[in-house]
Amino acid sequence: MSDISTEKYVEEAKRGIANTVLQKALVGLQDRFGRGTAEAYRRLPEGPDLRLKAHEIREKAIAHLDVLLEILAAKIRASGGYVYFAETAQAAVDYCLAVARRNNVRLVVKGKSMVSEEIGLNPALEAAGIEVVETDLGEYIIQLAGETPSHIIAPAIHKNRQDIADLFVQKLGIRRTTDPPALTQAARKALREKFLAADMGTSGVNMACAETGHITTVSNEGNIRMATTMPRVHVALMGMERIVARLDEYEIILRLLCRGAAAQTMGTYASYIGGPRRPGESDGPDEFHLVVIDNGRRRILADPQFREMLCCIRCAACLNVCPVYGKIGGHSYGFAYSGPVGAVVTPLLTGINRAKDLCCGETLCGACKDACSMNIDLPRMLLALREKLAYGDADWQVEPASRAEGLAYRGWSWLIRNRRIYELGLKLAAAGQQLLPQKKGMLRRLPPPVQGWTQSRDLHPLAEETFMERWRRTRKG
Amino acid sequence: MREKMKTPDQTQFIRRIRTALGHAPDVTREARHLFAESPSDEDLQLQERIHRRAAEDRQALLERLIEAGKPINLNVTALPDVAYATAAILRLAAEKKPEWGEAKSIAAWRHPLIDRLNLVEALDRLQIPVHLTGPIPVDAGRAFDQAERERQRAEIIASFIGVTSADFCLADTATLVMRTRPGQPRSAALVPSIHIAVIHWDQILADMKELFALLRWDERYRPEGLSSYMSFISGPSKTADIEATMVHGAHGPREVHLFVVTE
């Protein structure tokens, strides 16, 4: 598996908030795509309720995953392709390495794929002496910079044109320019050489269709069409849940994917790939491999509370409306998936305790659910994860996250059921607060261990007269 | 046969999924209810609508296509017959500059409609060579196959314009739909900097729903299915990865011209 740094959530979030370039980019991103996607849903002939229909389609597919995957595999094999079922990230990576070795692959061009980030494909190929080139422009930029994606669809959102200009001067040896078309042209030129020289192309899978036996990929740049057309070998990596039964169902998913991902009615390119080049055809790969990846998804499938998460198609619409993602940016989430989707799926894939800050950091405002192209109830699952963190859970090997918090709430529960002691406590606190620093009638700082409360806000002091006292007094009067 | 091709990794994987779903691990489940054995009422209505399309409906679809092309920078031009298409291609070939290198050459599909354009002859006047991407004979042997494929690949890479047709065009999203078959390589619509597609106006459909109804149920299209690689192309290649600024020509063609012949 690739590097996981979910433990650094708080630290990375602080860095994100302090990064002015990122803050500006996030505002622009959410302004444009957040609103654009909502508008695109409204303009659907079926209206935003099409998302409910899509949810049903996806749930039905997930409930029949065994059947659909077997049909897909049989059809792809009948068309001359290979299918491999990988239980773990390691198995998937090993399979890709074996394919690369067998075909004497020296250069791999990659279409953007979050599951390849999840399994850590790049470092493994590089360790085997194979050159790997990301070809999505955003991914290419962050690969040159030695970074990781900060958004599922717009991976280099955290870099501005000055950063990119400096990077291209250094890595591509171009004359410095900050003009986006000129920078894009420089990358186009460099990557064209790679596409034409590559021995193997890899891609993700947006959605497979069992009825026709095809996987599909969607892109605006055309890099995925290049990577799946020009090299001798194509390896497609697919999370095991990315499948629907029929083409008419797929049609609904594709329309929502384009709207959720980029507020588009249709991405520039969608490719339906069913196998390798056929006799008589002059282009297309000699070998086509599909790798179906579990890597912890089976556990999500087995838990009715979280099974819904497998409906997700990684369109990233939730990132574009999330107030938390909109401040802290994608790197805080410490894994391939950021934003609300990351806050649910990363704990489930990498360990709930380990990624506890992700699900606790979200606000439960519900914006992600409204934006979700598959109408997934992310807030419900965030709460379910927090419940596991509060009480522990043997099935998911979750330890209660904070004994102190548990104790504090048990104490509170006892206190409010013992009215006299509670009121005595209030009296003491009302007297004690006189000693605290105040300004304009507000408390500026609370003492330890609750000083965090007043770190960035003032607190109303306790009223001189409690509600109960006032109730008694006015009733008498 | 299908059982034989199953690999051990698959058997284990599927057993685990069945267990996770709460089913017996070794019992293959029924799948028929997930698929359709005959077209639904909606599918039939869609087919009916396509078959009954009159000239004025075609005209309306064409206008929708032209409108949908505008925001995505797809240039759609309606032309009364193929001679106009040839002339339009000639004009573009003369005007446009190659992106890589100086020499001009064009790659064009072997396709009934494209053949009628007589591009080889027409472009000879401008001394621009046209490479026709003919199908490769399947029984000519491995070495010939390899050499022929390499030749076509090199020709397409060297070409600054690729001329193709398409199977269909979807008016609502200005989407060209191309299935892959011998003589019609998809790289011709991908690698050259300019892609020119020529279609007949009866190939215009309204949307994906109509397309899929035909591919799934119409006997003229169903046997070929989606082919080994079906492409949707909606306008030129684009990216917004640098400060969300839209730039055309990321990896695919920078320009796409669609000529619709209305003869």
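The values are calculated or read from the model by the stated rules, or taken from the named source; none is laboratory data. These numbers were taken from a predicted model, which means no experiment stands behind them. Reconstructed Cβ throughout: ideal geometry from the backbone, glycine too, with neighbour counts over all protein chains shown. Calculation scope for accessible area: heavy atoms of the full protein, side chains included, ligands and nucleic acids excluded. Shrake-Rupley method; radii C 1.70, N 1.55, O 1.52, S 1.80 Å.
According to the square roots a ≥ b ≥ c of the eigenvalues of the Cα gyration tensor, what is the shape class of the stretch A:403-476, taking rounded for a/c under 1.5, prolate for a/b larger than b/c otherwise, and oblate for the remainder? Cα axes put the stretch A:403-476 in the oblate bin.
Applying the Kirkwood pairwise sum to the alpha-carbon positions of the protein assembly as shown produces a hydrodynamic radius of 27.9 angstrom. The stretch A:6-298 gives an Rg/Rh value of 0.97, both radii derived from C-alpha positions and Rh following Kirkwood. The local environment of A:PHE85, defined by Cβ-Cβ distances under 14 Å, has a net charge of +1 under the rule Lys, Arg +1 and Asp, Glu -1. So if R0 is 45 Å, what FRET efficiency would A:GLN170 and A:GLU399 give, r being the distance between their Cβ atoms, rounded to the nearest 0.05? The value I calculate is 0.50. How would you classify the stretch B:53-261 from its alpha-carbon gyration tensor, with a ≥ b ≥ c the square roots of the eigenvalues: rounded for a/c under 1.5, else prolate if a/b is greater than b/c, otherwise oblate? Since a/c stays below 1.5, the shape of the stretch B:53-261 is classed as rounded. The mean number of Cβ atoms from other chains found within 10 Å of a Cβ in peptide B:28-34 is 5, as a whole number.
Packing here is the average count of other Cβ atoms within 10 Å per residue, and on that basis the peptides A:267-273, B:83-89, A:148-154, highest first, run A:267-273, A:148-154, B:83-89. Return the FRET efficiency for the residue pair B:LEU44, A:LYS60: r is the Cβ-Cβ distance, R0 is 22 Å, and the value is rounded to the nearest 0.05. FRET efficiency, B:LEU44 to A:LYS60: 0.45. Sequence-distant contacts, meaning Cα pairs under 8 Å at least 6 residues apart, place the relative contact order of chain A at 20 percent. Percent of Cα pairs in the stretch B:1-75 per distance bin of 10 Å, from zero to the largest separation: 14, 21, 17, 16, 21, 11. Spin-label model, B:ASP139/A:GLU126: points 7 Å from Cα along the beta carbon direction are separated by 5.1 nm. Taking amide H as placed 1.01 Å from N in the peptide plane, A:GLN438 has its amide H under 5 Å from the amide H of A:ARG444, each at least 5 places away in sequence or on another chain. In terms of packing, defined here as the mean over residues of other Cβ atoms within 10 angstrom, the peptides B:111-121, A:446-456 line up highest first as B:111-121, A:446-456. Look at the stretch A:71-80: the mean tally of other chain Cβ atoms within 10 Å of its residues' Cβ atoms is 3. For the stretch B:72-94, the residues whose backbone nitrogen is under 17 Å from a point 7 Å from the Cα of B:THR262, taken along Cα to Cβ, are B:75-86, B:88.
Ordering A:PHE195, A:ALA38, B:THR28 by the projection of their Cα atoms onto the charge dipole of the protein assembly as shown, which places +1 on the Cβ of Lys and Arg and -1 on the Cβ of Asp and Glu, puts A:ALA38 at the extreme positive end. In the protein assembly as shown, taking the dipole from charged Cβ atoms about the Cα centre, the farthest positive-side position among B:LEU119, B:GLY134, B:HIS51 is held by B:HIS51.
Cysteines in chain A lacking any other cysteine Cβ under 4.7 Å from their own Cβ: A:CYS96, A:CYS209, A:CYS258, A:CYS311, A:CYS312, A:CYS315, A:CYS322, A:CYS359, A:CYS360, A:CYS365, A:CYS372. Extent along the principal axes, Cα only, for the stretch A:232-307: 50, 31, 22 Å, with the longest axis given first.
Excluding ligands and nucleic acids, what accessible area in Å² is computed for B:GLU95 using a 1.4 Å probe, to the nearest 10? In the full protein context, B:GLU95 sits at about 120 Å². Counting, for every residue in B:183-190, the Cβ atoms of other protein chains within 10 Å of its Cβ and taking the mean gives 5. Toward the positive end of the charge dipole of the protein assembly as shown, with +1 on the Cβ of Lys and Arg and -1 on the Cβ of Asp and Glu, the farthest Cα among A:GLN143, A:VAL108, A:ASN320 is that of A:ASN320.
For B:GLY183, the residues whose modelled amide H falls within less than 5 Å of its own, excluding neighbours fewer than 5 places apart on the same chain, are A:SER282, B:ILE136. GNM on chain B, alpha-carbon springs under 10 angstrom: the most fluctuating residue among B:ASP41, B:ASP207, B:ASP139 is B:ASP139. Among beta bridges identified by DSSP and lying wholly in chain B, the antiparallel ones come to about 30 percent. Counting every pair of alpha carbons in the stretch A:1-49, the share spaced more than 16 Å apart comes to 62 percent.
Two tests apply to each whole DSSP H helix in chain B, Cα reach of 27 Å or more along its axis and mean Kyte-Doolittle hydropathy of at least 1.0, and none passes both. Other residues lying with their Cβ under 13 Å from the Cβ of A:GLN455 contribute a combined charge of +3, Lys and Arg counting +1, Asp and Glu -1. Specify whether the C-alpha gyration tensor of the stretch A:112-171 places it in the rounded, prolate or oblate class, a ≥ b ≥ c being the square roots of the eigenvalues: rounded for a/c under 1.5, otherwise prolate if a/b is larger than b/c and oblate if not. Oblate is the answer for the stretch A:112-171, as a/c is 1.5 or above yet b/c matches or exceeds a/b.
When only Cα pairs under 8 Å and 6 or more residues apart are kept, what is the percent relative contact order across the stretch A:403-476? Provide the component values of the computation, followed by the final result.
Working: 39 pairs, mean separation 14.5, N = 74.
Reported relative contact order: 20 percent.
Excluding ligands, DNA and RNA and using a 1.4 Å probe, chains B and A jointly bury around 7600 Å² of accessible surface, summed across both partners. The DSSP beta bridges internal to the stretch A:6-298 are antiparallel in roughly 25% of cases. Per-residue ellipticity at 222 nm from helix content only, as computed over chain A with -39500 (n - 2.57) for each DSSP H run of at least four residues, stands at -14000 deg cm²/dmol. Kindly state, to the nearest 0.05, the FRET efficiency for B:ARG116 paired with B:ASP57, given R0 = 22 Å and r defined as their beta-carbon distance. Calculated value: 0.30.
Along the stretch A:395-404 the Karplus relation, 6.51 cos²θ - 1.76 cosθ + 1.60 evaluated at θ = phi - 60°, assigns HN-Hα couplings of 4, 9, 6, 9, 8, x, 5, 9, 5, 4 Hz to successive residues, with x for each Gly and Pro. Volume per residue of the convex hull around the Cα atoms, evaluated for the stretch B:66-149, comes out as 159 Å³.
Across chain B, the mean sequence separation of Cα contacts (distance under 8 Å, 6 or more residues apart), normalised by length, yields a relative contact order of 23 percent.
How much of the DSSP bridge set in the protein assembly as shown is antiparallel, in percent, rounded to the nearest 5?
So the antiparallel bridges in the protein assembly as shown amount to around 35 percent.
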